[in-house]
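Take this structure, written in structure tokens, and hold onto it; I'll ask about it next.
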Amino acid sequence: MSARFYADLPLMSGSAISLPEQAARHVQVLRLQPGDRITLFNGQGNGEPGSEGEFEATVTRMGRSDVDVTLGAYTATRREAGRAIHLVMGMPANERMDWLIEKATELGVASIQPLMSERSVLRVKGDRADKKLAHWRGVASAACEQCGRNRLPLIHQVASLTDWLKNGLAETPADAGTRLLLSLQNGTRPLEQAIASHGALTFLSGPEGGLNPQEEAAAMACGFAPVSLGPRVLRAETAPLLVLSRLAQ
Ligand code: SAM
């Protein structure tokens, strides 16, 4: 697989483009030269609805900070998980959140909804929330460059758990499927039983301090069925990956 770069702009075979700044910088760091072959993807395939794939491209000019390429053949290459998995979670602390987004992207997560709950350590709003969201989307696109996914996971703006259950849940895709709550307090049913079906799945996981009893009750009242991940207490960034790793293929 030739070096892959995410290019957030329309891509079309036969066209000549200048790479976006992030991708150009990455090409410069790799000291690529004119004639070198790379792979580009933009998350929208060739622009047809629902398409996802990647383009061959050839470097034509290496400027001081800009890079020009011509695009070659498009292939509708799909490297997604076999079912849509939506992660809704009380955010772990800063650097762990980046790590979780990177690993969840590699494992095929379809969307990530970061939440703040009563015991959340990481709390962001306004400009800081916008900056965090842009940073997380960059972490996800870099993970797609590395793992070969041509569809970026959707990362939503941070919300409070209460608001999200009241408003956000209604906006989740109709096919967001089975709802599971990863719960140390109320989870008695083993995860394996709950994921036996093959449809989409939305699961809610708590922050380091866990969800409080009222938050768990509110989630269950919205149809999130509590499940157990076993006898050990997993970290806020480990628990979601256990679920994703059971489903990734
Ligand atoms: N002291 C917290 C508590 O008792 O909830 C620990 C929270 S744990 C570090 C972070 C989150 O991971 C939990 O809120 C839960 O969603 C999930 N989790 C961790 N271990 C789990 C397990 N064995 N079964 C179900 N969920 C688990």
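Using a Gaussian network model of the chain with C-alpha springs under 10 Å, which one of Ser183, Ser120, Ser65 is most mobile by mean-square fluctuation?
Looking only at Ser183, Ser120, Ser65, the biggest GNM fluctuation is shown by Ser65.
Let me ask you something else. Of all beta bridges DSSP finds with both residues in the chain, what is the antiparallel percent, to the nearest 5?
Working: 14 of 40 bridges.
Antiparallel bridges make up about 35 percent of those DSSP assigns within the chain.
So what J values fall out for segment 225-239 if you push phi through Karplus, 6.51 cos²θ - 1.76 cosθ + 1.60 with θ = phi - 60°, rounded to Hz, Gly and Pro as x?
Going residue by residue, I get 7, x, 9, 9, 9, x, x, 9, 8, 8, 5, 4, 8, 8, 4 Hz, with x marking Gly and Pro.
A follow-up question, please. Run through segment 11-61 and list the trypsin sites (Lys or Arg not before Pro) located in a DSSP loop whose Cβ has at most 15 other Cβ atoms within 10 Å.
Numbers: sites: Arg25, Arg31, Arg37, Arg61; in loops: Arg31.
The qualifying sites are Arg31.
Still on this model: When the dipole is taken about the Cα centre of the chain, and only Lys, Arg (+1) and Asp, Glu (-1) are charged at their Cβ, what size is it in debye, to the nearest 20? Kindly include the intermediate steps, with their values, before the conclusion.
Working: 26 positive and 26 negative charges, 80 e Å.
Charge dipole, the chain, about its Cα centre: 380 debye, nearest 20.
Select from Gly14, Gly126, Gly210 the residue whose mean-square fluctuation is largest in a Gaussian network model of the chain (Cα-Cα springs shorter than 10 Å).
Its mean-square fluctuation being the largest, the pick is Gly126.
Kindly provide the helix-only [θ] at 222 nm of the chain, computed as the sum of -39,500 (n - 2.57) over DSSP H runs of four or more divided by all residues, to the nearest 500 deg cm²/dmol?
Values: 6 runs with 66 residues, N = 249.
Calculated from helices alone, the mean residue ellipticity at 222 nm is -8000 deg cm²/dmol.
Just to check I understand the Karplus step: with θ = phi - 60° and J = 6.51 cos²θ - 1.76 cosθ + 1.60, what whole-Hz values come out for segment 45-54, glycine and proline as x?
3J(HN,Hα) across segment 45-54, in whole Hz: x, 9, x, 6, x, x, 7, 8, x, 9.
Can I ask one more? Treating the beta-carbon of each Lys and Arg as +1 and of each Asp and Glu as -1, no other charges, what is the dipole magnitude of segment 4-76 about its Cα centre, to the nearest 20 debye?
Values: 6 positive and 9 negative charges, 70 e Å.
That gives a dipole near 340 debye.
Still on this structure: Projecting each Cα onto the charge dipole of the chain (Lys/Arg +1, Asp/Glu -1 at the beta carbon, about the Cα centre), which of Gly148, Leu184, Tyr6 comes out farthest on the positive side?
Leu184
What does the accessible area per residue of the chain come to in Å², with a 1.4 Å probe and no ligands, DNA or RNA counted? Walk me through the numbers before you get to the answer.
Details: 12150 Å² over 249 residues.
Dividing the accessible area of the chain by its residue count gives 49 Å².
I'd like to know which of Gly45, Ser15, Thr75 lies farthest towards the positive end of the charge dipole of segment 4-76, counting +1 on Cβ of Lys and Arg and -1 on Cβ of Asp and Glu.
Ser15
Then there's this: Please report, as a whole percent, how much of the solvent-accessible surface of segment 4-76 comes from carbon and sulfur atoms (probe radius 1.4 Å).
Numbers: 2020 of 3960 Å².
Roughly 51 percent, rounded to a whole number.
Could you check which residue among Gly50, Gly187, Gly206 shows the biggest mean-square fluctuation in a GNM of the chain with a 10 Å Cα cutoff?
The residue that fluctuates most here is Gly50.
Further question on the same structure: Please report Rg (one decimal) and Dmax (integer) in Å for the Cα set of the chain.
Taking only Cα atoms of the chain, I get Rg and Dmax of 19.8, 60 Å.
Whose amide H sits under 5 Å from the amide H of Arg119, counting only residues 5 or more places off or on another chain, with H placed in the peptide plane?
Amide H neighbours of Arg119, under 5 Å, 5+ apart: Asn212.
Please identify every one of the trypsin sites (Lys or Arg not before Pro) in segment 177-249 that sits in a loop by DSSP and has no more than 15 other beta carbons within 10 Å of its own beta carbon. Write down the numbers at each step before the final one.
Working: sites: Arg179, Arg232, Arg235, Arg246; in loops: Arg232, Arg235.
Taking segment 177-249 and a limit of 15 other Cβ atoms within 10 Å, the loop trypsin sites (Lys or Arg not before Pro) found are Arg232, Arg235.
With the full set of protein chains in place, find how many percent of the accessible area of segment 85-247 is carbon and sulfur; take the probe as 1.4 Å. The partial results should precede the final answer.
Details: 3960 of 7350 Å².
Accessible surface attributable to carbon and sulfur in segment 85-247 totals 54 percent.
On the full set of protein chains, 1.4 Å probe, figure out the accessible area of Lys166 and give it in Å² to the nearest 10.
Counting only protein heavy atoms, Lys166 exposes about 140 Å² to solvent.
Still on this structure, please answer the following. Please list, in chain and number order, the residues 5+ apart from Gly90 or on another chain whose amide H is under 5 Å from its amide H, with Hs placed from the backbone.
Here Leu115, Ser205, Gly206 satisfy the definition.
Under 5 Å between amide H atoms, partner at least 5 residues away or on a different chain: which partners does Leu154 have, H built in plane at 1.01 Å?
Ser111, Ile112
The values are calculated or read from the model by the stated rules, or taken from the named source; none is laboratory data. In this text the structure is predicted, and so the values were computed from the model without any measurement. All Cβ positions, even for glycine, are placed from backbone atoms using ideal geometry, and neighbour counts span all protein chains on display. Areas reflect the complete protein model, heavy atoms only, side chains present, ligands, DNA and RNA absent. Shrake-Rupley method; radii C 1.70, N 1.55, O 1.52, S 1.80 Å.
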